[in-house]
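The values are calculated or read from the model by the stated rules, or taken from the named source; none is laboratory data. Please read these numbers as outputs of a predicted model, since none were measured by experiment. Reconstructed Cβ throughout: ideal geometry from the backbone, glycine too, with neighbour counts over all protein chains shown.
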């Protein structure tokens, strides 16, 4: 029996490992759809990335003199690898997954002290690092080639893609890339979007993009599952989606020829993945209720700004990183009101009792 | 929810702010058993400090025979409470014994060996409505009644407080939001008329207009019984409140029932509210109507490692072991023994501890119930604790700063507003002992405050000493100077005398010469 | 109007003085432990930046250029900047002692803050007009402020993190700064439209 | 060349003039940090810091010679206050959390020599010649001066016993071996 055991003497929380498992469960449908859309190379890339994360996590934990078992068991490393894989071009070369995974684990997580200590979302930081360092490989999208279709590479042939190079003529542009390219040539949206933009197609993933970008519907479904299971709160995803939809709607209303419709913003690119799975990362998002609204809105708004005016066609990863950087500040300035105090922290005045 | 006259916007805001937690109740089977009295043990141990405030001062001698209800120790200060003999017997000692305290340290206690005769002193009951409020408060104080909701704050202090500030609403707290405990539940079911009468006495004492009895919805029988007892009585309303921890905290209950918040640096009386626990109401009822001092209470004895959980009425001072034995003993080695409820109770490593005024439960929890003992994990900033905190604090940030040794920063974050309810630690997926961090910091800050006071006192002493030394030195120097001056004057005088004498001699010589 | 906004945006975000141009790293690492002092420091720097860019513009265009003394630019600028900072410190000490207490150690740092000299030199090199020069300096100050305050927030959290000893202190500070710079790459191209 | 020399000299002289005038106009009496520090010290002049009394320690602190942790009677609280005032960082764990100790008299061997109460800086020892001395616990700083002068070893420092009133919850033990090999307690130097 131990003395100095503090109350409470009962616990009612889901352990960390279970939380991570639920997130993975929510990601599963979209991932499977991604596998189906992009075939074996995508599966290999996913495997390589997850293994890279798990391996580097083990290495780091061992280096700090602890047992790797418990650290791996919480599933956070696998989840990071998973999210990173979902945000990469599905036919990216193997080394992208390996370098990205190692960067995420070593530089973004364990240099800061491991789980719960990092300041930036490891998956997104790795994604941005890869994009900046290897812009060519990181923008080679391709139209879905569903498993079993004629163009789909076989399990063996796919090895040549993941560990070699993408065969010529396979690449295609994602919607956002396409719009960006057309816009630089002065082509108006109504022309450039003809035959390319179909909300239905985008929501089921028949579009070029990364695995986690294409099946918006399944991702949103997974997100709603997490909301329902109370793994994530509603504030960040709702604010994220609002933060991108509102300015997009306003701009599209004012100049439909220049600005994409809000639906396209919501369904294309990594918004669904970002809003439900990336921005909601506990560690790197604010802890105050108001701060979570600010954070989500900021993510959405920055995404829209970068997509609309920036040099990069997709801004989710940058927006999340930028808001990660602002998280401590947001927390600092959005402390909740304490019971019995005003927002500024002064005690409430004694109220004269009402006559009865 | 039937919270009366709560503004609509407050009710709507509750949908957004869902503080608290929903621990598993575990109220049954104990809640289904009637309150049973247990036989007297061989020795009653009555700690002098069973309440908030100064320990009581013994007024009996070792070897003295006392009767039931006789005063054993008197209140030693304004905030203190007397202790009475629960039965007749002999005082066998006044000594240091282990008391229920998280430190496991000992405290002074009166040891009373019952003689089995249970002879009582004469009690003087009265009709409360003919008594002056001040007289009621005095009698409640003399009966040693303390708040039975857990804090054990002397009840009479709150009653006389009510005389200074106008009280509009009396709230009787039947929340009993702690899991496992059902002593208040049984009290309300079995002694509803006493609860209601106690409430009426308190209302009379403080001059409150209305009485709200808040009971969590998981106690429908208690609500029914109270409603029956209060039927036909003007201004007494039984209000069901949602079962949510910590609804039984006075501030949360007030806020839920009236929509008003107690100022952080004030008391509930500041907003015209007074809260008393149902057990306290019954104790006040007995103290006034029958003149009985507070010497017995209902205790829930339960837990997965106990054979037959039940509610017992026991004399104060009975060892917890006797209660457990009466309930058939343990079926299993308990993972943890707890005095009080599982959320705020204290873990102990022995059952040889007396039941005191504030003890609501004795729990023998199995390993499955405490949750497999796992080490503290890193904080993943999931903010469960932020959502759960009924006060609106940021437990994760406070704990991080305390861990880093920056107690001042944790105070800036609102450490002093923490009520220690444990909801944050309950919902923490990493099992971080948040409550211990906060208790450590609060204790450490109090210790620093004490040492600062001591240092200020010491500084004064040191300054007084150096002033004294200076004065002494000065006086010495002055005295020396005086003596020196004296000596010199004497010397000078002597010299002058000698010179005069010499001159005189010379003169006379010359006179002689001239003569 | 729009053009000026672009200058501001460009200097504050896209070509952030600290995170993209890597100027002024000394106060960036030195005065970023507390959000409050970071705020004071960055406001002071912004003030000095604007003031000195105006003064150095006058110096450049009224004295050095007419006399053909372009080669004395660095020397002259340093002289003016140092004197200005000293002056600001004196005024601050007198009028806002609290702020001075916080910044006391760091104010002289502004003298050697290469961002201040750098911006002045860049302005002179590009031969920018008076208003664009001041605007450019102001935008740089805003960028410095944003970077410093963000970084201060991050470091306040870092102070509570269980950073391995090998990384604790400056190393993790630089890693964080690097990741922050990575995030700022997202602003690239914002002013091209 | 001449122009360069002239213009730079002119610039320097005029700037120097402005600064000189400003230094006069905005002159601020330098605050007595030493006095401020001395007010924070316990004031018992016990000498445990190794400086001549609290004033000496305050002076040393102001010069940056003494460590903020130099005052044992002040303990952790004083160290933190001093660190905050002087703007130096204090590793809270570095302050030895020594149990406070106070003096006590063993009646059997006390000979009533009065030496101890003559040296006590806070008058915490009471007694008279040939009488057994008593220590007032509230006034004792634990400076050990009495212990050192007592000819019979009757006065000794003992740890203050922890009571129910003074007991403090211990800080939860940190996660077992958290990065114990590579880890430092805090970061952000």
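On inspection, residue B:356 qualifies as assigned to a loop (DSSP other than H, G, I, E, B), in contact with a strand residue (DSSP E or B) (Cβ under 8 Å, 6 or more places away or on another chain) and within 14 Å of chain D (Cβ to nearest Cβ).
Here residue C:162 meets the list (1) under 28 Å from residue A:309 (Cα atoms); (2) assigned to a loop (DSSP other than H, G, I, E, B) almost entirely, failing just condition (1). Across the range B:207-247, the qualifying residues are those that are under 26 Å from the mean Cα position of the chain (by Cα) and over 18 Å from residue B:281 (Cα atoms), and the one among them that is surrounded by the most Cβ atoms within 10 Å (Cβ to Cβ) is B:245. No other residue among A:95, A:91 is free of Cβ contacts under 8 Å to residues at least 12 places away in the same chain and away from every other protein chain (no Cβ under 14 Å) apart from A:95. The set of residues in the range A:142-163 that are surrounded by 15 or more Cβ atoms within 10 Å (Cβ to Cβ) and within 23 Å of residue A:53 (Cβ to Cβ) comprises A:158, A:159, A:161, A:162. For the range B:467-487, the count of residues that are within 9 Å of chain D (Cβ to nearest Cβ), free of Cβ contacts under 8 Å to residues at least 40 places away in the same chain and farther than 30 Å from residue C:154 by Cβ is nonzero. Restricting B:250, B:264, B:269 to those that are under 15 Å from residue B:209 (Cα atoms), within 22 Å of the chain's Cα centre (by Cα) and within 14 Å of another protein chain (Cβ to nearest Cβ) reduces the list to B:269.
Highlighted here are the helices (runs of 4 or more DSSP H) found entirely within the range B:407-515 that include at least 3 residues which are outside the structural domain of residue B:391 (by TED's automatic domain parsing): B:434-514. Counting the residues of the range C:175-184 that are without any contact (Cβ under 8 Å) to a residue 40 or more places away in the chain and facing another protein chain (nearest Cβ under 7 Å) gives 5. For the range B:325-351, filtering for residues that are without any contact (Cβ under 8 Å) to a residue 60 or more places away in the chain and part of a strand (DSSP E or B) leaves 4.
Counting the residues of the range A:37-74 that are surrounded by fewer than 20 Cβ atoms within 10 Å (Cβ to Cβ) and farther than 20 Å from residue A:93 by Cβ gives 12. For the range B:41-80, filtering for residues that are in contact (Cβ under 8 Å) with a residue 24 or more places away in the chain, closer than 22 Å to residue B:98 by Cα and either surrounded by 15 or more Cβ atoms within 10 Å (Cβ to Cβ) or in contact with a strand residue (DSSP E or B) (Cβ under 6 Å, 6 or more places away or on another chain) (or both) leaves 22. Can residue C:143 be described as in a helix (DSSP H, G or I) and more than 7 Å from every other protein chain (Cβ to nearest Cβ)? When the stated conditions are applied, residue C:143 passes them. For the structure I just gave you, tell me whether residue C:172 is under 13 Å from the mean Cα position of the chain (by Cα), closer than 30 Å to residue B:398 by Cβ, part of a helix (DSSP H, G or I) and within 8 Å of chain A (Cβ to nearest Cβ). Taking the combined requirement at face value, the residue does not satisfy it. Here A:107, A:136, A:128, A:179 are screened, and the one residue that is surrounded by 14 or more Cβ atoms within 10 Å (Cβ to Cβ), at pLDDT 75 or above and more than 10 Å from every other protein chain (Cβ to nearest Cβ) is A:179. Would it be correct to say that residue B:342 is more than 22 Å from the chain's Cα centre (by Cα) and either at pLDDT below 90 or at the interface with chain A (Cβ under 7 Å from one of its Cβ atoms) (or both)? In short, no. As for the range A:164-174, it holds no residue that is touching a residue at least 60 places away in the same chain (Cβ under 8 Å), more than 23 Å from residue A:273 (Cα to Cα), surrounded by 24 or more Cβ atoms within 10 Å (Cβ to Cβ) and away from chain C (no Cβ under 14 Å). The residues in the range A:1-37 that are more than 7 Å from every other protein chain (Cβ to nearest Cβ) and touching a strand residue (DSSP E or B) at 6+ places or on another chain (Cβ under 8 Å) can be counted, and the count is 1. Note on the range C:64-100: among residues that are within 9 Å of another protein chain (Cβ to nearest Cβ) and out of contact with any helix residue (DSSP H, G or I) (no Cβ under 9 Å at 6 or more places or on another chain), the one that is nearest to residue C:50 (Cα to Cα) is C:95.
Yes/no per residue for (1) modelled with pLDDT of 80 or more; (2) on the phi < 0 side of the Ramachandran plot; (3) not in a helix (DSSP H, G or I):
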position	(1), (2), (3)
D:22	yes, yes, no
D:31	no, yes, yes
D:43	no, no, yes
D:57	yes, yes, no
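Every residue, every condition in (1) at the interface with chain D (Cβ under 8 Å from one of its Cβ atoms); (2) closer than 24 Å to residue C:158 by Cβ; (3) surrounded by fewer than 20 Cβ atoms within 10 Å (Cβ to Cβ), yes or no:
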residue	(1), (2), (3)
B:403	yes, yes, no
B:407	no, yes, no
B:412	no, yes, yes
B:434	no, yes, no
B:437	yes, yes, no
B:443	yes, no, yes
B:448	yes, no, yes
